[in-house]
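Data first, discussion second: the structure below is written as C-alpha cells.
What follows draws every value from the coordinates through simple rules; no lab data is involved. Because the structure is a prediction, the values reported are computed rather than measured. Every residue, glycine as well, gets a Cβ built from its backbone with ideal geometry; the counts of neighbours run over all protein chains shown.
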Amino acid sequence: MGFDQYHEPPNELSDETRTFARMMLSLIEEAEAIDWYEQRISVEKDKQAKAIMQNAQQEEFKHFGMDLEFLLRKKPEWRAVMQSILFTKGDIVKLGKKGEEKIE
Ligand SMILES: [Fe+2]
C-alpha cells in the first residue's frame, strides 16, 4: 500500500486529517469503480456477466454515498454547498453559485 495520498508530512498531520485523507482517497476509488463498471457494462455481451457487473456497480454507489456522507459530516461548509446542489432541480451551475454564496 502506498502512502502518497498525503501532500504534507504525515507525522505533522492530525489523526483527524489523516482519516479525512483516507476517506477522500476511498471516495475517489469508489468513483473510479463506478466508472470502470459503467464502461465494462456498456461493452459486455454476456447477459449474466453484465447483470453481475450491474449488481457490483450498485454496491459502489452505496460505498461512494457512505464515504461522501462521512466527509460532509466533517466539513459543514462543504455540506452547505452540497445542500444547494444535490437532489434539486434546475440549472446546476446556478445552484452551485447559490451554494457558494452560502459560505461566503
Ligand atoms: Fe466499493
Original post:
Counting each DSSP H run of 4 or more residues in the chain as -39500 (n - 2.57), what helix-only mean residue ellipticity at 222 nm follows after dividing by all residues, to the nearest 500 deg cm²/dmol?
Top reply: -25500 deg cm²/dmol
Subject >> Inter-site label distance for Ala56 and Glu32 at 7 Å from Cα along Cβ, in nm >> reply: 1.5
**OP:** For the chain, build the charge dipole from Cβ charges (+1 Lys, Arg; -1 Asp, Glu) around the Cα centre, then report which of Trp36, Phe20, Tyr6 sits farthest towards its positive end.
**Re:** Trp36
Original post:
Over what distance in Å are the Cα centres of the stretch 1-51 and the stretch 72-97 separated?
Top reply: 22
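If you only keep lysine pairs separated by 8 or more in sequence, or across chains, how many in the chain come under 15 Å at the Cα atoms? Present the calculation step by step, with values, prior to reporting the outcome.
Details: Lys75/Lys102; Lys89/Lys97; Lys89/Lys98; Lys94/Lys102.
Step by step, the pairs that qualify in the chain add up to 4.
How big is the charge dipole of the chain about its Cα centre, in debye rounded to the nearest 20, if each Lys and Arg gets +1 on its Cβ and each Asp and Glu gets -1 on its Cβ?
Values: 16 positive and 21 negative charges, 112 e Å.
Dipole size: approximately 540 debye.
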Original post:
If you average 1/r over all unlike Cα pairs in the stretch 12-102 and invert the result, what Kirkwood radius do you get in angstrom?
Top reply: 15.2
